[in-house]
Ligand SMILES: [Ca+2]
């Protein structure tokens, strides 16, 4: 473990580079690639090398996937997370040039060039190329990507896909997928999402509800009830005319007792002359 200090704050980072408590849900899962490069009897890869927990970016570390460059098929890689998950972030370590002893920025360039145009997606299928709606990052192909990529995704799926519709070559040494199975968040994905999140789905890093709150609740985690005088989905409905100091139900808008003079209905939102009785 390593650490560093900023004023008033100690930050701890595990050896794998992930902030404490974050989970790499790709580690040691099943992975597959469009092809695997082999030469003189030596096979580089296979795809399992990108989920072996070793980020060594040099070929002589024997922990990278290389696809076969003598084929015409475009390069892709997918990781099966095993179940539907919320992927918060994808971190990817590309191959560097030379070895640990001989590396240099100049030697990295050829490998970074091959990475141009790559895409990242989270999908419920392994269809290639992935649907545009599943893509969470696509490199524009103009500049030269950096060796290490860290892209926010926040999408739901079972498969994390790395692909390149520009080339048949892919040289990836590790993919870390930061997320949690659907319905969980927090340290080691041990906390269930709030009951008031729509679909009980939340972001792995902070528990924020992904699709808003069920009726009657508000806030990022949908913990707070609607402010007094409001109710319903997104708390965007205004209560009717409950009698006295009564407040309406924060979920349904119903008044607990009678209506103010001149109103009727469960929500006391219909004008009714002098009728003070709630009508069902
Ligand atoms: Ca590796």
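FYI, it's all coordinate maths here, none of it is from the lab. Owing to the predicted nature of the structure, the values given are computational and were not obtained by experimental measurement. Every residue, glycine as well, gets a Cβ built from its backbone with ideal geometry; the counts of neighbours run over all protein chains shown.
Going by how many other beta carbons lie within 10 Å of each one, how would you line up 102, 72, fewest first?
Details: 102 10, 72 5.
If I rank by nearby Cβ atoms, fewest first, I get 72, 102.
In deg cm²/dmol and to the nearest 500, what is the mean residue ellipticity at 222 nm of the chain if only DSSP H runs of at least 4 residues count, each as -39500 (n - 2.57), divided by the residue total? Don't jump to the answer; show the numbers that get you there.
Numbers: 1 runs with 11 residues, N = 280.
Using -39500 (n - 2.57) per qualifying helix, the result is -1000 deg cm²/dmol.
Above 37 angstrom, tally the Cα pairs of the chain and express them as a % of all pairs, no decimals. If you can, show how the numbers build up before the last one.
Working: 13519 of 39060 pairs.
That fraction is 35 percent.
Nearest 10 degrees is fine. How inclined is helix 105-115 to the longest principal axis of the chain, computing both from alpha carbons?
For helix 105-115, the angle is close to 60 degrees.
Please arrange 92, 210 by counting, for each residue, the other beta carbons lying within 10 Å of its beta carbon, fewest first.
Working: 92 25, 210 17.
Ascending number of Cβ neighbours within 10 Å: 210, 92.
What does a probe at residue 126 reach in segment 21-61, counting residues whose amide N is under 18 Å from the point 7 Å along Cα→Cβ?
Once the point is set 7 Å along Cα→Cβ of residue 126, 26-37, 45-52 turn out to lie under 18 Å by backbone N, inside segment 21-61.
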